[in-house]
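The values are calculated or read from the model by the stated rules, or taken from the named source; none is laboratory data. Quantities reported herein were computed from a predicted structural model and do not represent experimental measurements. Neighbour counts run over all protein chains shown; Cβ positions are idealised from the backbone, glycine included. SASA here: full protein model, heavy atoms, side chains in, ligands and nucleic acids out. Shrake-Rupley method; radii C 1.70, N 1.55, O 1.52, S 1.80 Å.
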Protein chains: 2
Amino acid sequence: MKQAAPPLVGVAALSAIVAFAAPAANQEDAFVTNIPPGYRDWRLISVAHEEGNLHSFAAVLGNDLAIQAYREGRIPFPDGAIIAALHYRHVQSEENNKVFGQDQSFVPGTPTNIQFMVKDATKYAATGGWGFAHFQDGKPGDEAFMKTCFPCHNQVKARDLVFTRYAP
Amino acid sequence: MKQAAPPLVGVAALSAIVAFAAPAANQEDAFVTNIPPGYRDWRLISVAHEEGNLHSFAAVLGNDLAIQAYREGRIPFPDGAIIAALHYRHVQSEENNKVFGQDQSFVPGTPTNIQFMVKDATKYAATGGWGFAHFQDGKPGDEAFMKTCFPCHNQVKARDLVFTRYAP
């Protein structure tokens, strides 16, 4: 009896460690499905504008850990860093253009989606340490769409998979 | 000696009160020449993109009073509200375009200037209650340039002279 106990305890403890530390087995495990709270109050990283098929205007914000890492030029980002991209249609501002007397002013139109990258080097090991999230009208993106995140971001490995640079 | 003192003190006190409460007699008095501290940590109001002769990319940030007023839809803005526009060149991102395989990505280039609107309905009464600031390389704009702020902003009186709308 006394001999059997230690291995059982040992197995339980070991499996707890494994569960806690297990890296994502595949990229589906890195799809983040909850909106990080308070993101609209985060500080500015930069702005972005995508044409092509997107016609998209973005504000890119970071939580405190992300902002700190950016300002220190720290790569890779530390666990807990979260980057948010708030996307809108890139549209002309009729009301501004009227004042300026020419078509020159573009502003955010309808919000289209909000995307997040959540850093956890262990939990999201299979996808470069980042969990990816995409929300449209509050709903997470479907699996086919989410599978496009990592392969694209993985092309900027030298920047820890992050496209956006810090705007001074 | 003792008789001369009170009038002198009285004049000094009176002129201090006048200096404190006097509304701007003209718009030159509404040129703000100090950069409000901490503005890079303020929260996001919106983003902007101006073409025409500007080719300008902006992040528009607000201090707490400005953000609160925006979120409550409060017009006019309360005294103490400050709005910051951080301007950059609107440029193509070669490094992003290389990944995307087409010219679609625009990012902030060289910072060009930082502009502020500072609300004080009494101090800046001559210019709709707003003090205006423009800094290029840390130096305030010259008088000729600064004189263009108020007449243009005054065309959006219904929005308390503020062009930028809040991005959700």
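For the range A:99-123, which positions are without any contact (Cβ under 8 Å) to a residue 12 or more places away in the chain and of a type in the set (Gly, Ala, Ser)? Across the range A:99-123, the qualifying residue is only A:Gly101. Taking strands (runs of 3 or more DSSP E) as the structural unit, those lying wholly within the range B:70-168 and holding at least 3 residues that are within 13 Å of another protein chain (Cβ to nearest Cβ) and modelled with pLDDT of 95 or more correspond to B:82-92, B:105-119. Does A:Ala30 count as of a type outside the set (Asp, Glu) and modelled with pLDDT under 95? Yes: the conditions hold for A:Ala30.
Could you tell me how many of the residues in the range B:124-134 are in contact (Cβ under 8 Å) with a residue 60 or more places away in the chain and over 12 Å from B:Ile83 (Cα atoms)? The qualifying residues number 4. Filtering the range A:51-65 down to residues that are in contact (Cβ under 8 Å) with a residue 24 or more places away in the chain and open to solvent by less than 30 Å² (accessible area, probe 1.4 Å), which residue is farthest from B:Glu95 (Cα to Cα)? My answer is A:Asn63. The residue pairs whose first member lies in the range A:69-80 and is of a type in the set (A, V, I, L, M), whose second member is assigned to a helix (DSSP H, G or I), and whose beta carbons are closer than 8 Å, counting only pairs six or more residues apart or on different chains, are A:Ile75/A:Ala69; A:Ile75/A:Arg159. Applying the condition of being under 12 Å from the mean Cα position of the chain (by Cα) and within 14 Å of chain B (Cβ to nearest Cβ) to the range A:29-43 and asking which residue is most open to solvent (accessible area, probe 1.4 Å) yields A:Ile35. Residues in the range A:118-154 that are over 15 Å from A:Glu28 (Cβ atoms), surrounded by fewer than 16 Cβ atoms within 10 Å (Cβ to Cβ) and not hydrophobic (A, V, I, L, M, F, W, C): A:Thr122, A:Gln136, A:Asp137, A:Gly138, A:Lys139, A:Asn154.
Pairs linking a residue in the range B:135-155 that is under 25 Å from B:Arg40 (Cβ atoms) to a residue that is not charged (D, E, K, R), with Cβ atoms under 6 Å and 6 or more positions apart or on different chains, are B:Phe135/B:Ile35; B:Phe135/B:Ile114; B:Gln136/B:Asn113; B:Pro140/B:Thr33; B:Gly141/B:His134; B:Met146/B:Phe31; B:Cys149/B:Phe132; B:His153/B:Leu161.
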